[in-house]
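First up is the structure itself, then whatever we jot down about it.
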Amino acid sequence: MSDLYQNFQKFFELVVADTAELLEHVYKIRYQVLCVEQRLPGFDPMLCPDQKEMDSYDSHSSHILLRYRPSGAYIGTVRLILPDSSRPEKLLPVELYGQLDPTLCDVKALPRQHTAEISRFLVISQFDRRRGDRRKQNEEIDGEKREVQDRRSSDRRSSLSIGLVLMAGVMRMSVKYNIRHWLSVADPALNKLMGFYGLSFNPIGPQVDYHGIRRPYYVKVEEALERMYAEHRDAWEVVTGNGEYSLDHYSLMEHP
């Protein structure tokens, strides 16, 4: 096993939020990050007097909490919005707000029962490395600065990103519900960060102003895992639990 995977096991625990008590932690983390720390458009603290952020998609979503083992505290969460069995016609947020380009991805042609949207991908501020990544994106890159950025990119690949750990939670939920197609409306900086581990999604529309600057993305789970297995085996170990959560392995072991 890689150092990346061993650090994942040592420092983090993924907890399925399948009880009312655990969901309380999910909604409170969402309130803390979205309404208090980031103060994103559309997340006014006044709209959450009970200090819990919730919406109509939570009732047909699967939720994960990320626990930091040294302190025992929950430090992040992510949800997978699943098809609504009571309202099959209900659109996902990416369909409502993503300005999708059907030539890049025909979302309507995807098998609905195997398609889900990654959402509320959040880490409390003291653990969120993406803030620094956003600042770096705005720097002018030339000469020595380019060399520094290349070195930082290499450092990212050799260190454990909490975003990668949350994607391990997404993978576990996807296996449970047989999800084989991922959609999202995400911060481009997050997609770039995941790209250092071979887990970048494909843009399927322009940037939009949706709780800040976001872009719609899509990836077929099988293709993402195959790319990670071939190019970033240590990151693949983290996301799939060293192969335990890989949707029947996708015959990955045939590609040494």
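Check the range 27-34 and report whether any residue there is touching a helix residue (DSSP H, G or I) at 6+ places or on another chain (Cβ under 6 Å), of a type in the set (Ser, Thr, Tyr), at pLDDT 95 or above and farther than 15 Å from Ile118 by Cα. Please lay out each step first, then the result.
If we filter the range 27-34 for residues that are touching a helix residue (DSSP H, G or I) at 6+ places or on another chain (Cβ under 6 Å), which is where we start, we get none.
No: the range 27-34 contains no residue that is touching a helix residue (DSSP H, G or I) at 6+ places or on another chain (Cβ under 6 Å), of a type in the set (Ser, Thr, Tyr), at pLDDT 95 or above and farther than 15 Å from Ile118 by Cα.
Meeting the requirement of 3 or more residues that are over 15 Å from the mean Cα position of the chain (by Cα) and over 23 Å from Leu91 (Cα atoms), the helices (runs of 4 or more DSSP H) wholly within the range 172-245 are 221-231, 233-240.
The values are calculated or read from the model by the stated rules, or taken from the named source; none is laboratory data. Note that the structure is predicted; figures quoted are calculated from it, not measured. Note that each Cβ is placed from the backbone with ideal geometry, even for glycine, and that neighbours are counted across all protein chains shown.
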